[in-house]
Amino acid sequence: MKIYTKTGDKGFTSLIGGTRVHKYHLRIECYGTIDELNSYVGMIRDMEDISEHQKNILKEIQDRLFTIGSSLASDPEKSKMKIPDLHDTDIQFLEKEMDLMNDQIPELRHFVLPGGSMAVSFCHIARCVCRRSERLTVHLSEESYVDDKIIVYLNRLSDFLFVLARKICSDNNLPENQWIPRM
């Protein structure tokens with residue numbers, strides 16, 4: 001099987017279900033941004049200053065992001081293909097992991113500037129990409145069906161990535177970059 005199909009050479013692509021849309025269609029923007037997010041999560045997983053437990057959680061998150069991507073890539077009106085779906089337990093998993101990390105790090109008393117190590121910086125980049133994907137998905141949900149759990153999951157995931165950045169700082173004895181506003 002060849003990777004290139006030449007079917008997108010004119011600026012169109014197909015959704016799951018066969019509907020052809022412009023490559024700039026909001027649905028394409030949504031799942032393309034999820035793909036970008038997934039790549040950053042993979043980069044974080046490859047960092048040396050994160051634990052094996054964190055790597056396992058991130059792999060689980062990457063699996064859920066593929067689930068979200070497949071849902072967003074489907075034409076809700078035409079697709080008959082069975083695709084995986086999100087569960088409330090996926091959201092609860094992120095909340096549980098955040099609570100565990102929060103119990104092990106200092107209380108947050110300042111805004112935090114991104115940075116501290118490569119892993120911490122990539123967590124913040126992934127958090128920003130996650131927020132963008134959430135905004136795009138909310139926009140899509142105003143004009144087409146989107147499973148509500150996707151929006152909730154993306155909201156929790158951005159919070160998770162923030163807490164993970166703080167936990168990586170703590171685990172590696174790195175000072176957090178606190179924002180102290182000029183007055």
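The values are calculated or read from the model by the stated rules, or taken from the named source; none is laboratory data. As the structure is a computational prediction, the values presented were derived from the model and not from experiment. Note: ideal-geometry Cβ built from the backbone for every residue, glycine included; neighbour counts use all protein chains shown.
A few points about this structure:
- Index of the failed condition, S79 passing every other in (1) at pLDDT below 95; (2) part of a helix (DSSP H, G or I); (3) among the polar types (S, T, N, Q): (2)
- Exactly one residue among T7, T13 is surrounded by 15 or more Cβ atoms within 10 Å (Cβ to Cβ), over 18 Å from the mean Cα position of the chain (by Cα) and not aliphatic (A, V, I, L, M), and that residue is T13.
- Taken over the range 138-183, the criterion of being more than 15 Å from R109 (Cα to Cα) and of a type in the set (V, I, T) is satisfied by V138, V146, I150, I151, V152, I168.
- Any hit, the range 59-68, residues being more than 22 Å from G8 (Cα to Cα), in contact with a helix residue (DSSP H, G or I) (Cβ under 6 Å, 6 or more places away or on another chain) and basic (K, R): yes
- Some residue of the range 37-55 being among the hydroxyl-bearing types (S, T, Y), assigned to a helix (DSSP H, G or I) and at pLDDT below 95: no
- Test: L86 is assigned to a loop (DSSP other than H, G, I, E, B) and either on the phi > 0 side of the Ramachandran plot or surrounded by 17 or more Cβ atoms within 10 Å (Cβ to Cβ) (or both): yes
- Residues within the range 140-155 that are in contact (Cβ under 8 Å) with a residue 40 or more places away in the chain, over 16 Å from the mean Cα position of the chain (by Cα) and part of a helix (DSSP H, G or I), tallied: 1
- Every condition in (1) hydroxyl-bearing (S, T, Y); (2) buried (at least 17 other Cβ atoms within 10 Å of the Cβ); (3) over 19 Å from K167 (Cβ atoms) holds for Y24 except the one numbered (2).
- Summed over the range 20-62, the residues that are touching a Gly at 6+ places or on another chain (Cβ under 6 Å) and among the hydrophobic types (A, V, I, L, M, F, W, C) give a count of 1.
- Options R132, R127: the member that is under 12 Å from F162 (Cα atoms) and charged (D, E, K, R): R127
- Out of L100, L164, sole residue that is within 22 Å of E36 (Cα to Cα), assigned to a helix (DSSP H, G or I) and aliphatic (A, V, I, L, M): L164
- Residue within the range 58-67 that is within 24 Å of Y31 (Cα to Cα), modelled with pLDDT under 95, in a helix (DSSP H, G or I) and in contact with a Pro (Cβ under 7 Å, 6 or more places away or on another chain) present: no
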